[in-house]
1. Could we say that residue B:29 is more than 30 Å from residue B:464 (Cβ to Cβ), away from chain A (no Cβ under 12 Å), out of contact with any Ser or Thr (no Cβ under 9 Å at 6 or more places or on another chain) and in contact (Cβ under 8 Å) with a residue 12 or more places away in the chain here?
2. If you take just the helices (runs of 4 or more DSSP H) that sit entirely in region B:277-390, which of them hold at least 3 residues that are within 14 Å of chain A (Cβ to nearest Cβ) and in contact (Cβ under 8 Å) with a residue 24 or more places away in the chain?
3. Here's a check for you: in region B:166-198, which residue that is of a type in the set (A, V, I, L, M, F, W, C) and within 14 Å of chain A (Cβ to nearest Cβ) is nearest to residue B:155 (Cα to Cα)?
4. Could you check residue B:99 against (1) more than 23 Å from the chain's Cα centre (by Cα); (2) not in a loop (DSSP other than H, G, I, E, B) and say which number it fails?
5. Could you list, in sequence order, all residues of region A:33-60 that are at the interface with chain B (Cβ under 8 Å from one of its Cβ atoms) and of a type in the set (A, V, I, L, M)?
6. Please go through region B:349-370 and pick out each residue that is at pLDDT below 95 and either surrounded by 19 or more Cβ atoms within 10 Å (Cβ to Cβ) or on the phi > 0 side of the Ramachandran plot (or both).
7. Could you say which residue among B:114, B:35 is assigned to a helix (DSSP H, G or I), without any contact (Cβ under 8 Å) to a residue 40 or more places away in the chain, among the aromatic types (Phe, Trp, Tyr) and in the same structural domain as residue B:474 (by TED's automatic domain parsing)?
8. Only one residue in B:63, B:40 is part of a helix (DSSP H, G or I) and under 16 Å from residue B:140 (Cα atoms), so which one is that?
Amino acid sequence: MTSAARQLYLFYREGFRSMVIGRTLWKIIIIKLFILFAVLKFFFFPNYLKENFSTDRDRAGHVLENLTVSPPSR
Amino acid sequence: MGDQILTTVDWARAQFALTAMYHWIFVPLTLGLSFLIAFFESIYVKTGNVEWKKLTKFWMTLFGVNFAIGIATGIILEFQFGTNWSNYSWMVGDIFGAPLAIEGIFAFFLEATFFAVMFFGWHRVSKGFHLFSTWMVAVGSNLSAVWILVANGWMQSPAGMSFNPDKARFEMQNFWDVALSPVAIHKFTHTTSSAFLLASLFVVGVSALFLLQARHQKMAKRSMVVAAVFGFVASIFCAFTGDEAAFNVAHRQPMKLAAMEGLYVGQEKAPLIAVGAINAGKRPGDDQPAFHQAVKIPGLLSLLANRDPNSFVPGIDDLVFGNAGQNVVGAEQRMITGRTAISALASYKEAKGRGDVAAATSALAIFDQNKGDLGYGYLSSAVQAVPPVAITFYSFHIMVVLGTLFPLIFLLVIYFAFRGTLESQRWLNLACFASIFLGYVAQQAGWVVAEVGRQPWAIQGLLPVGVASTNIAVSNVQTTFYIFLTLFTALLVAEIRIMVKQIKTGPEA
């Protein structure tokens, strides 16, 4: 490891080690990111157009269909 | 089918509103507090007085708590675009996809670098570089809000684009027209200045609590003076940008302005409502009074809207049914134009499909002539072009009243601080503490005006929310709504608990 990279590594390592309230906050951040990306994004928030259409041409066609056949009540 | 879709749209809107409102609890404090910390540290570096360093570190801790709890809450909005608002997301992807991604990467690296120096570097880098890092965090945090606010401004007043009927997308024609549209500029300046105001209220309020408890008084008074001066300047700037924003609303979203003021019948020398109790039973075109009671300031709405106190300001009825005498085209007429545009778009698609170039060209020409009112073609009644008037009216007036109160509080803090009697002004310190909550109320009210007031549009005049959304099961959106409600409430409770603990501990932490 070069000197600069080692200094950078030590800077972050010492910083994380010296955290007090930061430890709690990092735990919250990690739990939150897990819930957001591993649970919500994965199970509840698929990208509708990517999931249901394989090409941009098909996606455009679907949106255009919605724009032209949508009933006025929408 | 229609009811089902409407219900899904309503839940999707509620979910977006919920997440955006929670997100906006965390963001403005980050934007404003970052600058206040930079001011505090600048004073420390200039004077060398370690009390200012201690003070800086205390507020930095609260900044860190807020930042950590709020981090990635905005990502959820992005999830919703792809799932609940797929038509909208597709249609604007060309304009906002790349800039938002670049901004996200830029913000990540800026924050990863300078946040680390700001929090970890007190004894490891020079004073000057640490201060530079703190300023970079402040500038970077605020810059990372630029493009999302430009996007919001574009939705309120689309500019610099054209619609490509083959790709069903709005495509950017002029980057600068998008980035520097007057609505985008005022959206950014008004939003960030209001965030500075909120953060100032937070610092003043927490410091006032210290004075009420007779704890850390020297630190509290120093913090209050800096925050009150910053807050006062931000308040004035916020009022100025708010006035400019309202002027833009008058010309680009006149229906929103009419709802903000509960103005049903347009008039010359239109008054501004100082205080009013709106008649919730009033409907466009009926003979009921708009208000049960109202105190009006003659001519002020005309002045606000057109810079001329004698000018005509269109009301909701004019904008729904039209007013030929004042050259106001109503939603009824626009619906006809919009339906012509939709019909031409359908004809274009059909002609392209069968390879009839002449018919496609002809249909496209008709579409181009009428596309400015495309969104109105999806409305089933002209009255659908009217946003919820009572919510818009009350939110606007709550924001304005509080926005007028805050600079007075800052002025009083500055006055008593220079008289040296701040700690003995119990009533003022109580008011300062209460103003933290009021600051958040004003923030939320401002966004309610901006977003509820522009209904039914996802993109002003071009795309109503019903067409922007995805046809998915309502139960999907309901489920995630309640998940978000639980998650965000838990995060807010966590933030408040950690904040309170840190405030109780004080600057010695």
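1. Values: more than 30 Å from residue B:464 (Cβ to Cβ): yes; away from chain A (no Cβ under 12 Å): yes; out of contact with any Ser or Thr (no Cβ under 9 Å at 6 or more places or on another chain): yes; in contact (Cβ under 8 Å) with a residue 12 or more places away in the chain: yes.
It is true that residue B:29 is more than 30 Å from residue B:464 (Cβ to Cβ), away from chain A (no Cβ under 12 Å), out of contact with any Ser or Thr (no Cβ under 9 Å at 6 or more places or on another chain) and in contact (Cβ under 8 Å) with a residue 12 or more places away in the chain.
2. Working: elements: B:300-306, B:316-321, B:331-353, B:357-370.
Counting at least 3 such residues, we get B:331-353, B:357-370.
3. Taking region B:166-198 and keeping what is of a type in the set (A, V, I, L, M, F, W, C), we get B:168, B:170, B:172, B:175-176, B:178-180, B:183-185, B:188, B:195-198.
Narrowing further to those that are within 14 Å of chain A (Cβ to nearest Cβ): B:168, B:170.
On the way: B:168: 17, B:170: 12 Å.
Among residues in region B:166-198 that are of a type in the set (A, V, I, L, M, F, W, C) and within 14 Å of chain A (Cβ to nearest Cβ), the one nearest to residue B:155 (Cα to Cα) is B:170.
4. Here residue B:99 meets the rest and fails (1).
5. A:33, A:35, A:36, A:40, A:49, A:60
6. If the condition is that a residue be at pLDDT below 95 and either surrounded by 19 or more Cβ atoms within 10 Å (Cβ to Cβ) or on the phi > 0 side of the Ramachandran plot (or both), then B:349, B:355 are the ones that fit.
7. Details: B:35 fails: without any contact (Cβ under 8 Å) to a residue 40 or more places away in the chain.
That would be B:114, the only listed residue that is assigned to a helix (DSSP H, G or I), without any contact (Cβ under 8 Å) to a residue 40 or more places away in the chain, among the aromatic types (Phe, Trp, Tyr) and in the same structural domain as residue B:474 (by TED's automatic domain parsing).
8. Values: B:40 fails: under 16 Å from residue B:140 (Cα atoms).
Among B:63, B:40, only B:63 is part of a helix (DSSP H, G or I) and under 16 Å from residue B:140 (Cα atoms).
The values are calculated or read from the model by the stated rules, or taken from the named source; none is laboratory data. For clarity, every value in this text was computed on a predicted model and none was experimentally measured. Neighbour counts run over all protein chains shown; Cβ positions are idealised from the backbone, glycine included.
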